[in-house]
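Below is one structure; the comments refer to it alone.
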Amino acid sequence: MIRSSAMRLAPALLALAACREPIGRDDSAFYEWNGRRLHCAVDIDTVANNDMTSVETGLDRARDRNQVLELYAHVPGATVPLDKIQAVFAAAADRGLQFVTFADMANDTLPHVGSLAFAFDDSATSAWMQVRPILQQYGARVTFFVTRYHTMSDQQKADIATLAADGNDIEAHSVNHLRGPKYVDDYGMSAYLADEVQPSIDRLAADGYPVVAYAYPFGSRTPETDNAIFDRVKVIRSVTFTYGAPVEQPCPF
């Protein structure tokens, strides 16, 4: 029975592998300094199976075309190995890429050259603190998209303050990390904005973080949620996958 189940799964797994593309071929993972407000980033957590060879194709493209490659991960040392994070930043530095945040892109404050915009999502502040030596080694600045800020301890909030003081960007990632379109279907757009979006912005702003970007949990979005949230922030970040069906592709590009 186990063997027959595995045999049934094999074609699907092979099809998934066949659809995988290197990051450098995913146009939606790159920002071209053109004022576009909806961004999409590629996950480099282990589960996403984007190895360094794939990442390097994206870094090469960013360098060669003066674009911004957008990558993200979640929990250093858990969802993504620390040595992989180090390898990404070392490879970016070797290529002479500048390190940019979402605030940099939203405010258009840096030269339009090849760049890496790296983000960590969610709320693993103690794990995020482990990457500080790596960021400092390469002079890198990243964006932390923060969710569940209202549940954080004083120590977690102190960690975020430390990361911000280092020059990193602190941005909003919803109140409770729920899928926006489903929340809208269940409760309406006004409830989604009032319950999940605006408090995520306001609580960070009240603690001194001038929010200009919002990242969708799971990248889950619709044009309607985009339009509503653009009234509140300058840019929105969704996600893009380097593999095709049956995985959802929330990025519209």
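FYI, it's all coordinate maths here, none of it is from the lab. Owing to the predicted nature of the structure, the values given are computational and were not obtained by experimental measurement. Counting neighbours? That spans all protein chains shown, and the Cβs are built from the backbone with ideal geometry, glycine included.
So the values come out like this:
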| read-out | value |
| --- | --- |
| Bridge type composition, the chain - antiparallel percent by DSSP, nearest 5 | 5 percent |
| Positive dipole terminus of the chain, leading residue within Ala172, Leu110, Gln67 (C-beta point charges) | Gln67 |
| Nonlocal amide H pairs with Asn66, under 5 Å, H built at 1.01 Å | Gly114 |
| Phi to ³J(HN,Hα) by Karplus 6.51 cos²θ - 1.76 cosθ + 1.60 over the stretch 87-98, Hz, x for Gly, Pro | 4, 4, 6, 5, 5, 5, 5, 4, 8, x, 6, 8 |
| Charge dipole (debye, nearest 20) of the stretch 142-253; +1 at Cβ of Lys and Arg, -1 at Cβ of Asp and Glu | 140 debye |
| Whole-Hz ³J(HN,Hα) from phi, Karplus 6.51 cos²θ - 1.76 cosθ + 1.60, for the stretch 116-121, glycine and proline x | 10, 10, 10, 9, 10, 9 |
| Placed amide H near Asn176: partners under 5 Å, 5+ positions off or other chain | Arg148 |
| Prolate/oblate/rounded label for the stretch 130-253 (Cα gyration tensor, a/c 1.5) | oblate |
| The chain: C-alpha gyration tensor shape, a/c 1.5 cut-off, then a/b vs b/c | rounded |
| Set of lysines near Lys234 by C-alpha distance (under 26 Å), chain-local residues within fewer than 8 positions excluded | Lys157, Lys182 |
| Where GluC sites (Glu not before Pro) fall in DSSP loop in the stretch 144-253, at most 14 other Cβ within 10 Å | Glu248 |
| Phi-based couplings in Hz for the stretch 177-187 (Karplus 6.51, -1.76, 1.60; Gly and Pro marked x) | 6, 9, 6, x, x, 5, 4, 5, 4, 7, 10 |
| Cα-centre dipole for the stretch 93-165 with unit charges at Cβ (Lys and Arg positive, Asp and Glu negative), debye to 20 | 100 debye |
| Cut-off under 5 Å, modelled amide H: who pairs with Ala41 long-range | Ser238, Val239, Thr240 |
